[in-house]
Every structure is written in structure tokens, then in C-alpha cells.
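See below for the structure under consideration.
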Amino acid sequence: MKERKAVLTRETRETKISLELNLDGTGMYNVDCPIGFFSHMLQAFCKHGLFDLKGTLQGDLDVDQHHLVEDTGIVLGQLFACALGDCRGIYRSGFCIYPMDETLAQAAVDFGGRSYLVCEAGLSGVPLISMGTKGTEGSFQTDTFTDFWQGFVSGAKCNVHLDTIRGRSDHHKMEALFKAAAKAIRSAVEQDPRRHDIPSTKGVIV
């Protein structure tokens with residue numbers, strides 16, 4: 001089986017992001033991320049999707065978390081697009097309903113070549129606050145959750161729907177949605193043993 005890996009670096013006046021992705025990994029996560037909760041979400045994404053991800057994330061956190069979180073989504077999406085190539089032989093779409101305590105979340109994805117996000121996460125917009133650890137940001141701006149996924153669909157050229165069916169805790173809502181998305185994406189990018197062509201009646205994913 002052809003290795004499905006990709007390496008990318010994106011550098012602007014606001015952020016510098018270098019990441020390496022292996023679609024067919026074991027869930028290994030080794031990313032130097034300065035935002036504690038965001039790192040927790042990326043690690044959960046890798047663990048539940050069985051994606052390997054390593055690299056470094058740097059950004060202008062003295063301004064806002066928005067730039068770094070959104071740009072990370074863009075780069076991660078581009079990595080998926082690069083690793084998938086023409087999408088030959090994959091299932092293309094995936095779906096997952098994921099429970100986490102009082103929260104129930106669902107995610108659906110289609111790697112059909114068109115970027116579109118529907119995100120009904122039901123978040124309060126109030127930042128999560130923690131003590132953080134040395135060298136990491138203790139808070140997380142919950143409004144950047146949507147920014148990350150908008151960046152991801154733009155980079156990956158995929159269609160993603162994220163919905164919180166019910167829940168109370170913003171932490172649980174975001175974590176359940178990341179895990180649901182990981183499992184849905186894993187299902188979509190898995191190679192179908194019965195398919196050897198491009199999964200589209202058009203004959204191309206555009």
C-alpha cells in the first residue's frame with residue numbers, strides 16, 4: 001500500500017506552523033503547541049482517528065489565539081489533501097455519533113472536493129480558563145473552535161457537518177466533536193478493498 005504521508009510548513013507574519021501527517025498511523029501525537037486545551041483537542045483527534053501528527057505551532061498569542069488556531073486548521077486540512085492525492089480507493093464519506101458524559105455529538109464528512117462547513121456546536125463563547133503549564137497558554141477562546149474547522153475544510157477541500165445534539169459543558173462539547181470528527185474522517189479516508197478507482201461518478205474529485 002502506498003504511504004499516505006505529507007509534510008508542510010506555513011509561515012506568515014502572524015504564525016509559523018510546521019506539521020507532518022501520516023494517515024495510516026497509530027494515533028501518535030508529538031506537537032509542540034503553546035495552547036494547552038488546543039493541544040488536548042489535537043491529541044484526541046489523532047488518538048481517535050489513528051493519525052500520526054508531529055511538528056511545531058508558533059503564533060502571535062500576544063494578539064489573539066485566532067490566527068494560530070485557524071492557520072493550524074488550514075495546514076492540517078492541506079496535509080490531508082496532499083496525503084490523499086486524487087482520493088483513489090477511499091470510502092470518501094464518514095459519519096460518527098460520539099457520547100461524552102452528558103454530551104452527545106455527531107460529525108459527518110465528505111472528501112468530495114468542495115469546501116463547506118456547518119458547525120452547530122452550541123458553545124457559550126466564554127473562554128475556558130486553566131492554570132496552564134510552563135510555556136503554554138492557560139486559556140482557550142471557544143469561539144476559535146469554528147475557526148479551526150473552517151480552516152480545515154478550506155485546506156482539505158471537504159464538507160464537514162458538526163452538531164452538538166445535547167450537552168452542558170463547553171469542554172465536553174468540543175472534545176466530543178473533535179473525537180466524532182476524527183472517527184468520521186478516519187472512516188472517510190480508509191481504503192475500500194473493493195474500490196480501485198476514484199469514488200465519484202465524475203471520475204475526478206474537484
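The values are calculated or read from the model by the stated rules, or taken from the named source; none is laboratory data. Because the structure is a prediction, the values reported are computed rather than measured. Neighbour counts are summed over all protein chains in view; Cβ atoms, including those assigned to glycine, are modelled from backbone coordinates with ideal geometry. For accessibility, only protein heavy atoms count, side chains too; no ligands or nucleic acids. Shrake-Rupley method; radii C 1.70, N 1.55, O 1.52, S 1.80 Å.
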Worksheet entry | Condition check for Glu20: open to solvent by 40 Å² or more (accessible area, probe 1.4 Å), under 13 Å from Ala83 (Cβ atoms) and not basic (Lys, Arg) | yes
Worksheet item: Out of all the residues in segment 146-161, is one or more of a type in the set (Ser, Thr, Tyr) and in a loop (DSSP other than H, G, I, E, B)?
Response: no
Discussion item. Cβ contacts < 7 Å: first residue at positive phi and surrounded by 13 or more Cβ atoms within 10 Å (Cβ to Cβ), restricted to segment 108-131; second residue assigned to a strand (DSSP E or B) and among the polar types (S, T, N, Q), any location; separation 6+ or different chain. Result?
Written reply: Gly122/Thr164
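State all residues of segment 121-145 that are in a loop (DSSP other than H, G, I, E, B) and in contact with a Leu (Cβ under 7 Å, 6 or more places away or on another chain); if no residue qualifies, say none. Break it down stepwise before answering.
Looking only at segment 121-145, we keep the residues that are in a loop (DSSP other than H, G, I, E, B), and these are 121-127, 130-136, 138, 141-143.
Residues satisfying the conditions are Ala121, Thr142.
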Worksheet item: In the list Asp86, Asp60, Asp71, Asp110, which residue meets the criterion of being within 30 Å of Arg166 (Cβ to Cβ) and at pLDDT 95 or above?
Response: Asp110
Worksheet item: With (1) more than 25 Å from Pro199 (Cβ to Cβ); (2) crowded, with 21+ Cβ neighbours inside 10 Å as the list, and Phe45 as the residue in question, which single condition is left unmet?
Response: (1)
Item to complete: Return the total of residues in segment 170-197 being open to solvent by 20 Å² or more (accessible area, probe 1.4 Å) and either over 13 Å from Ala105 (Cβ atoms) or among the hydroxyl-bearing types (Ser, Thr, Tyr) (or both).
Response: 10
Fill in: Looking only at segment 86-106, and only at residues there that are out of contact with any His (no Cβ under 7 Å at 6 or more places or on another chain) and within 14 Å of Met41 (Cβ to Cβ), the one that is least open to solvent (accessible area, probe 1.4 Å)
Ala105
